[in-house]
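J.: One structure is given below, represented as structure tokens, and several questions about it will come after.
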Amino acid sequence: MVIHIIKTKSTLKRLALVLFSLGIAMAGACKRPGSAVAIPSPKKVGYAVEDLVLSKELYYDKVLGALVGSAIGDAMGASTEMWHRNDIQLNYGYITGLTPAIRPQSPEGPWDHNLLAGATTDDTRWKYLMVRYFDANRDALNATHFSQFIADYYQTIAKTLKDRAVLTHTGALDERIEKIEWIKEWARVSMAFQKGPEAYQQALHRFYGGEMSCAGQLYTPMFGLLANNPEEAYTIAYEHALFDLGYAKDISGLVAAMTHMALRTANLDSILNTAAFVDPLEYQDSRLVGRIPNAILESSIKSVRAVKELVLVDSLLARDSLVYKIPEGYPGDLKDWARQEMVHQLLEKDQRAIAFHAGEIWQILITALQFGEGNFTTTLQFITNYGRDNDTVAAIAGMILGAKEGYENLPDDLKQTTLQVNKEVLGIDLEALAQELTAVRFK
């Protein structure tokens, strides 16, 4: 027994000595030059990196669909812009289509009182203005030329105040002043941009009171129609977002990239995933915060999915019938309405100080696209009947879904009325604009 213990101790000592020697040898090996192992980093890849390839005919149909879809959304929200959804229900029931814009004229709204159903606001005027910009700068779309274009437009309008018609007719004066009121905030920033960084920063940070507005989203989706790929759409839109603060610029780039993706695919998930995969400025790597628009997107999608998966009990809905009373004209049943009302209530909890805050516009947009599951009519009705800045959100959603569907697949009554009223009443020929954009791309 004693001999066995001695042998065991001796063996353990020899084993310990061997392990100690191996440890020294391994430590020495780690210190040898050139022995370190470098694990490769993943390569950053683009999202749908191949350039867009569409026939001229299909491209025109999709561009016209985008322009008309945007105008439809704008027109659907024109009569109730900035309203609360309860007021919409009291006055209209549930809006399913176009309603007359019974409202006073305003610089950002309709430029005349009480316009026909199908009339649009500044959201569609910006699309018209952008086509004029594209025509004038086909080979040089950049921030410098854009700022000069806006400044020139302002100065052209300002010079008309000297016209004889203005001096002899107050109605002509009112018309010119309203146009100046619409563009002057933008012109102030544009002219400051021409002067240099210090003047530009001062003007930018007082643009519409210095709030983080959705300014860029009014026009940047147009770059998605001309770009070759989603990253290019984002990059050129971001450069042109001269009036945006903070992550509003990121959102302006994203709506352009999403519009471009809608030209490529009818898959809604692929369009929404643009916010996860198109990030050339690496917002996702922002210290402690990450990418705010992507976080809003993920949260919005989860909220909609959670509400749609709820099992609603008839007895509970009956008990809460005052809360979930179906408004006149709603096309679904009580359970459908209860789900929509739940999602609207979730959005209402996140309302910002101003209705045209870029983050709020983005949140409503993503929520509506997910709730509507890519359906044009359902999505625009969801936005219009929510209220707030509904014409702007619906104009963005309408452009994305219109690009996805193409003009031929848009609802006949909505597209025909909107085309006609914009052309004959407002002087904006959407078909001609689509033709001009097609000519720019296929030059």
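J.: Calculate the dipole size of segment 287-443 relative to its Cα centre from +1 charges on Lys and Arg beta carbons and -1 charges on Asp and Glu beta carbons; express the result in debye to the nearest 20.
T.: Magnitude of the dipole: close to 740 debye.
J.: Starting from the amide H of L115, placed 1.01 Å from N in the peptide plane, find each other amide H under 5 Å away whose residue is 5 or more places distant or on another chain.
T.: A101, R103
J.: What number comes out for accessible area per residue over segment 275-328 if the probe is 1.4 Å? Units Å², please.
T.: Ligands and nucleic acids excluded, the result is 69 Å² per residue.
J.: Determine which lysines satisfy two conditions relative to K195: a Cα distance under 28 Å, and not lying fewer than 8 residues away in the same chain.
T.: K127, K159, K162, K179, K184, K249
J.: Can you bin segment 143-226 into rounded, prolate or oblate? Criterion: square roots of the alpha carbon gyration tensor eigenvalues sorted a ≥ b ≥ c, rounded for a/c under 1.5, prolate for a/b above b/c, oblate for the rest.
T.: Judged from the Cα gyration tensor, segment 143-226 comes out prolate (a/c at least 1.5, a/b above b/c).
J.: For R206, what charge total do you get from the other residues with a beta carbon under 13 Å from its beta carbon, if Lys and Arg give +1 and Asp and Glu give -1?
T.: The answer is 0.
J.: Then there's this: Each residue of segment 133-145 in order: what ³J(HN,Hα) in whole Hz does its phi give by Karplus 6.51 cos²θ - 1.76 cosθ + 1.60, θ = phi - 60°, with x for Gly and Pro?
T.: Each residue's phi maps through the Karplus curve to give 5, 4, 4, 7, 9, 3, 9, 8, 7, 8, 4, 5, 5 Hz.
J.: For segment 111-116, what does the Karplus curve 6.51 cos²θ - 1.76 cosθ + 1.60, with θ = phi - 60°, yield as ³J(HN,Hα) per residue in whole Hz, taken in order and with x for Gly and Pro?
T.: 8, 7, 6, 6, 8, 5
J.: Between (i) 95, 54, 48; (ii) 123, 65, 45; (iii) 68, 57, 40, which matches Cα extents along the principal axes in Å calculated for the structure shown?
T.: Computing Cα extents along the principal axes in Å and matching it to (i) 95, 54, 48; (ii) 123, 65, 45; (iii) 68, 57, 40 gives (ii).
J.: For D174, what is the net charge nearby, where nearby means another residue's Cβ is under 13 Å from its Cβ and Lys, Arg count +1, Asp, Glu -1?
T.: -2
J.: What are the ³J(HN,Hα) values, in whole Hz, obtained from phi via the Karplus relation 6.51 cos²θ - 1.76 cosθ + 1.60 with θ = phi - 60°, for each residue of segment 418-433 in sequence order, with x given for Gly and Pro?
T.: These are the phi-based 3J(HN,Hα) values: 5, 4, 5, 5, 5, 6, 7, 9, 9, x, 10, 8, 5, 5, 5, 4 Hz.
J.: Taking the chain as a Gaussian network, where each spring joins two C-alpha atoms under 10 Å apart, which residue of G374, G196, G398 fluctuates the most?
T.: Sorting by GNM fluctuation, first place goes to G196.
J.: Under the classification rounded if a/c is under 1.5, otherwise prolate if a/b is larger than b/c and oblate if not, where does segment 75-148 fall, given a ≥ b ≥ c as square roots of the Cα gyration tensor eigenvalues?
T.: Prolate, because a/c is 1.5 or more and a/b exceeds b/c.
J.: Right, next: Run the helix sum for the chain: -39,500 (n - 2.57) per DSSP H stretch of 4+ residues, divided by residue count, reported at 222 nm to the nearest 500 deg cm²/dmol.
T.: For the chain, the value works out to -20000 deg cm²/dmol.
J.: Work out the length of the dipole vector of the chain about its Cα centre, built from +1 on the beta-carbon of each Lys and Arg and -1 on the beta-carbon of each Asp and Glu, and round it to the nearest 20 debye.
T.: Dipole magnitude for the chain comes out near 2700 debye.
J.: Something else: Under the definition of Cα pairs under 8 Å and six or more residues apart, what whole-number percent is the relative contact order of segment 34-173?
T.: Over segment 34-173, the number comes to 15 percent.
J.: By the gyration tensor of its Cα atoms, with a ≥ b ≥ c the square roots of the eigenvalues, what is the shape of segment 48-179: rounded for a/c under 1.5, prolate for a/b over b/c, or oblate?
T.: The shape class here is oblate.
The values are calculated or read from the model by the stated rules, or taken from the named source; none is laboratory data. Source: prediction; values computed, not measured. As a convention, Cβ positions derive from the backbone with ideal geometry for all residues, glycine included, and neighbour counts pool all protein chains shown. Surface areas here come from the heavy atoms of the whole protein model, side chains and all, with no ligands, DNA or RNA. Shrake-Rupley method; radii C 1.70, N 1.55, O 1.52, S 1.80 Å.
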